[in-house]
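FYI, it's all coordinate maths here, none of it is from the lab. From a predicted model like this one, the values you see are computed outputs, not experimental measurements. All Cβ positions, glycine included, derive from the backbone under ideal geometry; neighbour counts span all protein chains shown.
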Number of protein chains: 2
Amino acid sequence: MSAARVLVAQGGGPTAVINQSLVGVVLEARRYGHVERIYGARHGVRGVINEDFIDLGQETALHLERVAATPASALGSTRDKPDLAYCQKMLAVLRAHAITHFFYIGGNDSSDTVRIVAEEAAKAGYPLRAIHVPKTIDNDLMGNDHTPGFASAARFVMQAFAGANLDNAALPGIYVAVVMGRHAGFLTAAAAAARTQADDGPHLIYLPERTFEIDKFLADVKAVHARLGRCVVAVSEGIHDASGESIAAKLATTVERDAHGNVQLSGSGALADLLCDEIKAKLGLKRVRGDTFGYLQRSFLGCFSDVDAREAREVGERAVQFALLGERSGSVAIRRSGDYAIDIVLQPLEVVAAKTRVMDDAFISAAANDVTPAFLAYLRPLLGNDVPQAVRLRSVPVAKVLK
Amino acid sequence: MSAARVLVAQGGGPTAVINQSLVGVVLEARRYGHVERIYGARHGVRGVINEDFIDLGQETALHLERVAATPASALGSTRDKPDLAYCQKMLAVLRAHAITHFFYIGGNDSSDTVRIVAEEAAKAGYPLRAIHVPKTIDNDLMGNDHTPGFASAARFVMQAFAGANLDNAALPGIYVAVVMGRHAGFLTAAAAAARTQADDGPHLIYLPERTFEIDKFLADVKAVHARLGRCVVAVSEGIHDASGESIAAKLATTVERDAHGNVQLSGSGALADLLCDEIKAKLGLKRVRGDTFGYLQRSFLGCFSDVDAREAREVGERAVQFALLGERSGSVAIRRSGDYAIDIVLQPLEVVAAKTRVMDDAFISAAANDVTPAFLAYLRPLLGNDVPQAVRLRSVPVAKVLK
């Protein structure tokens, strides 16, 4: 076999297990005698065009294992979304360093970059294998049952709501928490896994797959409060009105946009605060509190699903096997093959690239303010094997003496 | 020994380990043959005046152990701050139910209630032992080296900042996170434990023990950003200007006050958003993000310090021993007796009641924007024995070919 040189990079938002995929690529590539270099690009595609590489052959295996267990992109990441010229520049750098196998760990934008780079290499007759390794807490990649990173973030959201529900039961009031997810509601929906007893919160869940109507929202909150004396609400940051305008953008005084033209939703508590203000003003309820989970849900140290960590590692390993044993390009994907078991396949980049998967209708309640049992059945095996439990007293009442 | 009847209640904000103290009281009280009833009051002192009791003798030991491992007040809590008339009403209910030993798990306001009830009982010649069992994530109780609940919240804050620092290193920018703590900065200061390498964040820490000057803050952020190309900041919700006015209250359009007359600081992202707006407007920096840890830091399911859990359990047990073996009233306190070892003592209620401990000057840096090594030495043993580690690549650079 002719000499091979591997380059790996990480793009988009960090996750709790993205470094498992990185280390999966590196340790698997080390097994092949004809791989003479394993490089990592710093800060994703930007590191490629800047030739900002590190030598991953010079990391110890034990140290790599510790990095694998650390959240957030160890190589650094970027929000750059390369166009054709950018991708051609990338290819020039790959050729200069004689890179034969390129692995990009990222979401749907990253897979589009891999697609363009692979096409340009083919056009130029340069023998490059380019593989997209899936990663996103949003769980919005086409052709995947679920994506590495989602389950750990889902577990964070579940543990946060389980605790918030207990807190809200101890000191009753209204609690609204905003969860990441611009177009896909999977992560917000994961809040439902926090419920153990019938009256546990979240009592209401609002997803970007459905139109958000403020009057309907207020009526829902009022009804739950009337029944339970309290209400816990999970809201996706991506909720929007019937015209498609984001509720967050509608109410923000200043709007920041990223390189992709998207309105900045994270890194601000505005949406939660606004919804709380509406509840106070229109329903006249007291003790209304809003939280925004923000960056914690994707980067919190020490909260991950063991299933997610294992799968993230495996997609990295399989990516190398597809590229170096199979000499194929494509996008690695997770398919559910049993209850619970997965297959890891390689699908054409076009299936994933720049597309967005959203939640199935079967996962969303008819009233558009909750998930269905089908979603919980889908989610539960992903959360892992040592999920903490919230347990309440059985509370046998004592007869009153005075009253 | 004459028959004894025990009543236990939980007051104030929940913590991750307050149920350990509850279960410590219940299981220890069960060991005494003369204890004929163990009741719990629902929602703190409010449950006492409403005679809203449950029979904790009718909970199984295994179930109680599961409740002990669950965050937030299992009996429910209250923000009521009883005055003399309220306490006299409480005493009437205690007498009606022949309660001989009253345990109230809470912070400095709760200890003041215990003090008044104990005084009223003594005046009335009613043989009541009343014990305050310490609890607060704020760590602000006098006469305690630290308080149960603090270390678990500190660990949450540490893990959150460790992850946020990695996220910020992967996608550089400014990150500001607001931490609970109205008067005492201990919990915000715990962010410092997230640092492993010299350039790790948080790079700046602002505590309520020092005056917050917005110009100084902006200059600090600018200097860190110039040096590292990024900046992670920990800010206490209780920061205030030279006149003592809270920065959050100063900027909020509407201000909510609780029964104690305090401005509502939690349950809103306003302070973080405002500080981010200042940075964007005055420094012209991009990618400025703000998070508010909110209720997660005191209630997140599954994040606790094993040292904290053990000590919370022990103060509950010792409370019963002081009251039932020693026939004493008072406030249980933790004293540090070694590095690391503790004693659990009973101190007079007056030492704790309605007083607030703040951070020692020796724990705060001269520039008032960080903590000292002495604080880290104080904090580290409290965080527990299985603290997750953030590990970065060693990153041996590769020589450029093109440039």
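Helix content alone sets the calculated 222 nm mean residue ellipticity of the protein assembly as shown: runs of n ≥ 4 DSSP H residues at -39500 (n - 2.57) each, divided across all residues, give -10500 deg cm²/dmol. Remark: label point of A:ASP55 defined 7 Å out from Cα along the Cα-Cβ vector; separations to the same position in other copies 7.5 nm, ascending.
Defining a contact as two alpha carbons under 8 Å apart and six or more residues distant in sequence, what relative contact order in percent does chain B show? For chain B, the relative contact order is 21 percent. Backbone phi angles across region A:128-143, fed through the Karplus curve with coefficients 6.51, -1.76 and 1.60 (θ = phi - 60°), yield HN-Hα couplings of 10, 9, 10, 10, 8, 9, x, 6, 4, 5, 6, 6, 10, 8, 5, x Hz in residue order; Gly and Pro are listed as x.
When both region A:111-142 and region B:129-159 are represented by their alpha-carbon centers, they are found 51 Å apart. With a 10 Å cut-off around each Cβ of B:320-332, the average count of Cβ atoms from other chains is 0.
Taking Cα centre as origin and charging only the Cβ of basic (Lys, Arg, +1) and acidic (Asp, Glu, -1) residues, the dipole magnitude of region B:1-146 rounds to 320 debye.
Residue by residue along B:69-81, Cβ atoms of other protein chains within 10 Å of the local Cβ number 5 on average. Residue by residue along A:218-231, Cβ atoms of other protein chains within 10 Å of the local Cβ number 0 on average. With the dipole of the protein assembly as shown worked out from charges on the C-beta (+1 for Lys and Arg, -1 for Asp and Glu) around the Cα centre, which of A:SER2, A:ALA153, B:SER21 lies farthest toward the positive end? In the protein assembly as shown, that residue is A:SER2. The three principal axes of the C-alpha atoms in chain B carry coordinate ranges of 89, 44, 33 Å, sorted with the longest axis first.
I'd like the antiparallel share, as a percent to the nearest 5, of DSSP beta bridges with both residues in chain A.
30
Of all the options A:ALA319, A:ALA68, A:ALA151, the one that moves most in a Gaussian network model of chain A with Cα springs shorter than 10 angstrom is A:ALA68.
Along the charge dipole of chain B, which of B:ALA193, B:TYR39, B:VAL288 sits closest to the positive end, that is, farthest toward it, with unit charges on the beta carbon of Lys, Arg, Asp and Glu (+1, +1, -1, -1)? Working it through, the farthest residue towards the positive pole turns out to be B:VAL288.
Among beta bridges from DSSP that stay inside the protein assembly as shown, the antiparallel ones total about 30%. The listed peptides A:210-217, B:351-358, ordered by packing as a protection proxy, come out as B:351-358, A:210-217 (highest mean of other Cβ atoms within 10 Å first). Between the alpha-carbon centers of region B:309-334 and region B:181-233, tell me the distance in whole angstrom. Computed from Cα coordinates, the inter-centre distance equals 37 Å. Per-residue 3J(HN,Hα) values for region B:293-301, derived from phi via the Karplus relation 6.51 cos²θ - 1.76 cosθ + 1.60 with θ = phi - 60°, read 5, x, 6, 4, 5, 10, 10, 3, 6 Hz in sequence order (x marks Gly and Pro). Inter-copy label distances at A:GLY33, shortest first and taken from points set 7 Å along Cα to Cβ: 8.0 nm. For B:ILE342, the residues whose modelled amide H falls within less than 5 Å of its own, excluding neighbours fewer than 5 places apart on the same chain, are B:SER337.
Amide H contacts of A:THR292: A:VAL178, B:THR292, each under 5 Å away and 5 or more positions distant or on a separate chain (H built 1.01 Å from N in the peptide plane; Pro and chain starts excluded).
In this label model, B:THR211 and B:ALA242 are separated by 0.4 nm, measuring between points 7 Å along each Cα→Cβ vector. In nanometres and ascending order, the distances from the A:LEU402 label point to those of the other copies are 8.1 (point 7 Å from Cα along Cα→Cβ).
Placing +1 on each Lys and Arg Cβ and -1 on each Asp and Glu Cβ, with no other charges, gives region A:91-214 a dipole about its Cα centre of roughly 480 debye.
The rotation axis bringing chain A onto chain B passes closest to the chain A residue reported with its distance as A:GLY269, 1, by C-beta distance in whole Å. Database remark: amide H of B:ARG328 closer than 5 angstrom to the amide H of B:ALA323 (H placed geometrically; neighbours at sequence offset of 5 or more, or on other chains; Pro and chain starts carry no H). Only one residue of A:THR100, A:GLN58, A:PRO82 has its Cα farthest out toward the positive end of the dipole of region A:45-100, where Lys and Arg carry +1 and Asp and Glu -1 on Cβ, and that residue is A:PRO82.
Treating only the Cβ of Lys, Arg, Asp and Glu as charged (+1, +1, -1, -1), what charge dipole size does chain B show about its Cα centre? Round to the nearest 20 debye.
Magnitude of the dipole: close to 840 debye.
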